[in-house]
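Worksheet for the structure shown next.
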Amino acid sequence: MSHKAYLVDGSGYIFRAFYAVAPLSTKEGFPTNALFGFTRMLLKLLAASDSDHVVVVFDAGKKTFRSDLYKEYKANRIELPDDLRKQMPFFREICTALGLLILEKPGFEADDIIGTLTDRLTQNDAEVVVVSGDKDLMQLVGPKVSIWDTMYDRRYNRAEVIEKFGVPPEKVVELLGLMGDSSDNIPGLKGCGPKTAAQLIEKFGDVETVIASIDAIAADAGIRNRKKIAEQLRADIDLVRLSRKLVEIDRNVVIDIPRNGTSEALDALQGEALLDRLVRQAPDEEEIRKLVERFEFASLLKDIKFTPRAAAVGAPQDLAYQCVWADDFPEWLKTLRAQPEFAFDLETTSLDMFQARIVGVSFCWGDKEAFYVPLAHTDIPAGKKQLSDREFLSEVRAVFADPKIKKCGQNVKFDISILAQHEVQVEGISFDSMIASYLLNPDKNAHNLTVLAQDYLGRSVVEYTDLVEGKKDFSEVPVDAATQYGCQDAHFAWLLKNTLRPLLEKNGLLGVFDSIEIPLIPVLSRMERRGIKLDVKLLSEMSEDFAVRLKKMEGNLYELAGCEFNLNSPKQLADVLFNKLGLPTKGIKKTKTGLSTDSSVLEKLSSVHPLPQLILEYRMIYKLKSTYIDTLREQVSSVSGRLHTRF
């Protein structure tokens, strides 16, 4: 057989997600950043993988056989942060809901299960992709085995392992045994760093031969710190042997592979039977939606491949979404005028208020129906006629201007700004679901309708991008689809008003909402439309002047450095400062790519050489030009000649 399987280091994914994603929490305050990042990473992997054989492997607990070998193993690990500890019970639930097989075994680490499964799969002629950033797993790389670090999208085959460690995959365990690992509290050989370890393994082959060659090491002038290494090796022979045992992955773990309520021993599975046990099942839609609702992950739903519920096309079957054509408009307008309050939403050709044309407007004033008035669609069914935007706006101008008729919506500021450009004044704004959501949960990373509909209404939405894909703009969307989409927006805004307003009152936020936030909407709208007058001529002159100054400074910097280099590359600058010029490195902080060249470092070095101070001045002028002067000029509207911000 010839198949591929992805083995995911689930425990590694958890910790990467926790530290990579900024703090998130539900509206009740339950932390969710690791769960969100973990789910997003899995979905990204599933979308990118070219196989349905995907297994997630977890550490089953802190104590393993390595703890019996060395009681200090991982003893330096700090306790789980409280926010992560609270999230730990739910990672397996997410995997199961996504249809992924989970493997773990007490007494062993995820690495051991991955190693065991990797060997069995390759023995059955399958290709294996280990999904992890853990260096220990590099020892598994072989002709049919690669490592994929999805966070950095870096793949490791034999050549990449040699590039990273200086030794081939089959020697990685020897290298790690000498180096040790501070993160796992594996001692290794004291004073033996990665370069020395690689040199020893390259010369002697393995840890046992290194131990047997102590005298040769002490006499070999080509080995770094040879006498100290030999002396330390004599003192720590047992510790070095133990370190090698600790870093070696156990590839003979006795494990069972569960499937549909039954389990079968891995050793008993061969060929297709083995791969059949690993295949991903269909996602459990109901369970996924429960988890999404619980943890407020609505934005991830679009990345999960299953058929959306009826709500995804707008509403339950007893809900009426209606298109209002020109012939029906006069009667419908009478009903609109009689409403004490309604939600509304505009569909436009652009987000630029000066460029946008109104394509249609949707309205809702009840839980069971909503209406869409098409104005500028290019594809109209035979026998139907739409109003022009001018006709429509002249008829509804008085309704929007009447403060006694209340208006609500989602991100109302955008809609009233567009209407104002068409000389329609909106009075009587009563509610904005986006602002209400922000007040209720300011730490939430998104307050768009997709998220709010899922979190508060339990409903999916038709996405704008799906409708306009391959089209010039919304005017080319068929009216039937536009009706569903537009009515959905107004309808959900109406439902959210009825859901969120009581929550604002319950949390003591209604006063702030009604007296500060809502009255600010038209004020901010006017500020955005008014814009800021900029002296574009002066900015252009400044840009030219700064360009000349930067060019001159470049020449001076190259002269001081004695070579040309990329002035905006911290790595190249570090090479110039510390290698070519030999500036002092004592006390200089390090980054992932080497010695730091940030402003604090350059200020410190300015007292010993003129180049660092000139780099600081260059950076200041470069940032002023690129970030502010040039960018501000580009943002000036060609229509108004002013800069228009978003508040």
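The values are calculated or read from the model by the stated rules, or taken from the named source; none is laboratory data. All of these numbers come straight from a predicted model, not from anything done at the bench. Neighbour counts are summed over all protein chains in view; Cβ atoms, including those assigned to glycine, are modelled from backbone coordinates with ideal geometry. Just the protein is used for accessible areas: all its heavy atoms, side chains included, with ligands, DNA and RNA removed. Shrake-Rupley method; radii C 1.70, N 1.55, O 1.52, S 1.80 Å.
Using a/c under 1.5 as the rounded threshold, could you call the stretch 1-135 rounded, prolate or oblate? The axes a ≥ b ≥ c are square roots of the C-alpha gyration tensor eigenvalues, and prolate needs a/b larger than b/c, oblate otherwise. Each step should come with its number before you reach the end.
On the way: a/c = 2.35, a/b = 1.19, b/c = 1.97.
Cα axes put the stretch 1-135 in the oblate bin.
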### Task
Using the Karplus curve 6.51 cos²θ - 1.76 cosθ + 1.60 with θ = phi - 60°, work out ³J(HN,Hα) for each residue of the stretch 433-445 in order, rounded to whole Hz, and write x for Gly and Pro.
5, 5, 5, 4, 4, 5, 4, 6, 8, x, 7, 5, 7
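Taking only protein heavy atoms and a 1.4 Å probe, what accessible area per residue, in Å², does the chain have with all protein chains in place?
Values: 31450 Å² over 647 residues.
It amounts to 49 Å² per residue over the chain.
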### Task
Just list whichever of K74/K592; K406/K533; K44/K195; K471/K533; K4/K290; K334/K444 have alpha carbons separated by over 29 Å in the model shown.
K406/K533; K44/K195; K471/K533; K4/K290; K334/K444
#### Entry: Chain lengthening between R337 and A265 when straightened (0.36 nm per residue, less Cα-Cα)
18.7 nm
### Task
Could you check the simple spin-label distance between E369 and Y558, using points 7 Å along Cα→Cβ, in nm with one decimal?
7.5 nm
### Summary
Sorted by chain and then number, the residues having a modelled amide H within less than 5 Å of the amide H of Q322, at least 5 places away or on another chain, are A370, F371, Y372
### Viscosity 0.890 mPa s, 25 °C: Kirkwood-radius Stokes-Einstein D of the stretch 338-468 over Cα pairs, µm²/s
152 µm²/s
### Summary
Computed over the chain: longest principal axis from alpha-carbon atoms vs helix 518-530 long axis, angle to nearest 10 degrees, is 90 degrees
### Message
Considering only C-alpha atoms, what is the centroid distance from the stretch 281-295 to the stretch 155-223, in Å?
### Response
47 Å
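Would you compute, from DSSP H runs of 4+ residues alone, the mean residue ellipticity of the chain at 222 nm, taking -39500 (n - 2.57) per run and dividing by the full residue count, rounded to the nearest 500?
Theoretical 222 nm ellipticity from helices: -13000 deg cm²/dmol.
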### Summary
Descending packing, highest mean Cβ count within 10 Å first, for 384-394, 547-557 is 384-394, 547-557
### Query
Given a 1.4 Å probe and every protein chain left where it sits, what share in percent of the accessible area of the chain is carbon and sulfur?
51 percent
### Query
Using θ = phi - 60° and the Karplus curve 6.51 cos²θ - 1.76 cosθ + 1.60, what whole-Hz ³J(HN,Hα) does each residue of the stretch 118-131 get, with Gly and Pro shown as x?
4, 4, 5, 5, 5, 5, 9, 6, 9, 8, 10, 10, 8, 9
## Note on the structure
Mean Cβ-within-10 Å packing, highest first, puts peptides 559-570, 581-592 in the order 559-570, 581-592
### Query
Given labels modelled 7 Å from the Cα in the Cβ direction, how far is it in nm from N448 to D284?
2.9 nm
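With a 10 Å radius around each residue's Cβ, average the other Cβ atoms per peptide and rank 450-456, 636-642, 242-248, highest first. Don't skip to the answer; put the middle values down first.
Working: 450-456: 22.9, 636-642: 13.1, 242-248: 21.0.
Ranked from most to least packed, the peptides come out as 450-456, 242-248, 636-642.
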### Nonlocal amide H pairs with V359, under 5 Å, H built at 1.01 Å
E347, T348, T349
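Rounded, prolate or oblate, given the Cα gyration tensor of the chain, with a/c below 1.5 counting as rounded?
Working: a/c = 2.73, a/b = 1.55, b/c = 1.76.
Oblate.
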### Task
Calculate, axis by axis, the spread of Cα positions in the stretch 130-266 along the three principal axes, and write the results as whole Å, longest axis first.
62, 30, 25
### Query
Which angle from 0 to 90°, rounded to the nearest 10, does the C-alpha axis of helix 536-561 make with the longest principal axis of the chain?
10 degrees
### Message
Tell me the angle of helix 33-48 to the major Cα principal axis of the chain, expressed in degrees between 0 and 90 and rounded to the nearest ten.
### Response
90 degrees
### Message
Give the separation of the Cα centroids, the stretch 68-97 to the stretch 578-610, in Å.
### Response
38 Å
### Summary
Placing one equal point scatterer on each C-alpha of the stretch 197-238 and summing with Debye, one gets log10 I(q)/I(0) at q = 0.28 Å⁻¹ equal to -1.03
### Summary
With I201 itself left out, Lys, Arg at +1 and Asp, Glu at -1 over residues whose Cβ is under 12 Å from its Cβ give -1
